[in-house]
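The values are calculated or read from the model by the stated rules, or taken from the named source; none is laboratory data. Because the structure is predicted, anything quoted here is derived from the model rather than measured. Because the Cβ atoms are built from the backbone with ideal geometry, glycine has one as well, and the counts that use them run over all protein chains shown.
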Amino acid sequence: MTKKELEVLNASKAIFVKYGYTKTTMNDIAEAVGISRPGLYLIYPKKEEIFKALILMLSQELSAEVKKRNAKLKEPLLKLREVMNIWVVETYTWLNQSPESAELYENEFSFTRNCMQKSTDLFISDLEEVLKLFPHKSFNNDIEPRDVAVIISSAVIGIKKQVDDLDDLKRHIDLLIRICIKI
């Protein structure tokens, strides 16, 4: 990734959160970066391309943050809670800063399907890495850590659509962990 591409992605984060995807324009992003709109088109020819690259960049940042914070924790349960905190709670908080940004969290844009799957795969990988630290008897019916990670990831998608606020989200995450793991 070039320095200019990184500048565009970093500037576009705040713009997408402020206006949402639909209301954000290439001009908004160009102004935030401090370049002309034609200059922006030379870096990213479409708003969709910026958004997809941003999703992938943010996913990699989340995964790196998981590894950084979990390196300081000893207990598997604390590590699991930290994965959920970073990937779900903090992201929910960040993406719900404005009414317009809620569409980013729901993200049902067809053009992002592939990059959202890559993001989900990273989340599942982070979950699985931590779940492998639990004794095998921690999972009902000898379910494998990878399968538990997939179930948690899938459940989070539904939970995010059902919760009313941050406290409700945290409560549902706690319930999900207690359902999936014998604590």
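Considering only the range 21-45, state which residues are of a type in the set (S, T, N, Q) and out of contact with any helix residue (DSSP H, G or I) (no Cβ under 7 Å at 6 or more places or on another chain). Answer for the range 21-45, where residues must be of a type in the set (S, T, N, Q) and out of contact with any helix residue (DSSP H, G or I) (no Cβ under 7 Å at 6 or more places or on another chain): just Thr25. So Lys118 clears everything in (1) in a helix (DSSP H, G or I); (2) buried (at least 17 other Cβ atoms within 10 Å of the Cβ); (3) touching a residue at least 24 places away in the same chain (Cβ under 8 Å) except one condition, right? Which one? Here Lys118 meets the rest and fails (2). Kindly indicate whether Glu48 is within 14 Å of the chain's Cα centre (by Cα), acidic (Asp, Glu), at negative phi and surrounded by fewer than 18 Cβ atoms within 10 Å (Cβ to Cβ). For Glu48, the condition - within 14 Å of the chain's Cα centre (by Cα), acidic (Asp, Glu), at negative phi and surrounded by fewer than 18 Cβ atoms within 10 Å (Cβ to Cβ) - is not met. The residues on offer are Glu82, Glu61, Glu128, Glu103, and the sole one that is more than 19 Å from Ile177 (Cβ to Cβ), in contact with a helix residue (DSSP H, G or I) (Cβ under 7 Å, 6 or more places away or on another chain) and part of a helix (DSSP H, G or I) is Glu103.
Restricting to the range 151-163, and then to whatever is crowded, with 18+ Cβ neighbours inside 10 Å and under 15 Å from Leu80 (Cβ atoms), can you tell me which residue is farthest from the chain's Cα centre (by Cα)? That would be Ile152.
Restricting attention to the range 36-54, the residues that are free of Cβ contacts under 8 Å to residues at least 24 places away in the same chain and not in a helix (DSSP H, G or I) total 3.
Annotation: of all residues in the range 138-150 being part of a helix (DSSP H, G or I) and among the charged types (D, E, K, R), the one that is surrounded by the fewest Cβ atoms within 10 Å (Cβ to Cβ) is Asp142. Surrounded by fewer than 18 Cβ atoms within 10 Å (Cβ to Cβ) and in contact (Cβ under 8 Å) with a residue 40 or more places away in the chain - does that describe any residue in the range 126-137? Yes, the range 126-137 has at least one match. Residues in the range 2-34 that are surrounded by fewer than 18 Cβ atoms within 10 Å (Cβ to Cβ) and in a loop (DSSP other than H, G, I, E, B): Thr2, Thr25, Gly34. Checked against (1) closer than 16 Å to Leu56 by Cβ; (2) modelled with pLDDT of 90 or more; (3) surrounded by fewer than 18 Cβ atoms within 10 Å (Cβ to Cβ), Asn107 meets all criteria but (2). Within the range 12-23, residues that are under 9 Å from Glu103 (Cβ atoms) reach partners that are of a type in the set (Ser, Thr, Tyr) with beta carbons closer than 6 Å, at six or more positions or on different chains, in the pairs Gly20/Ser101.
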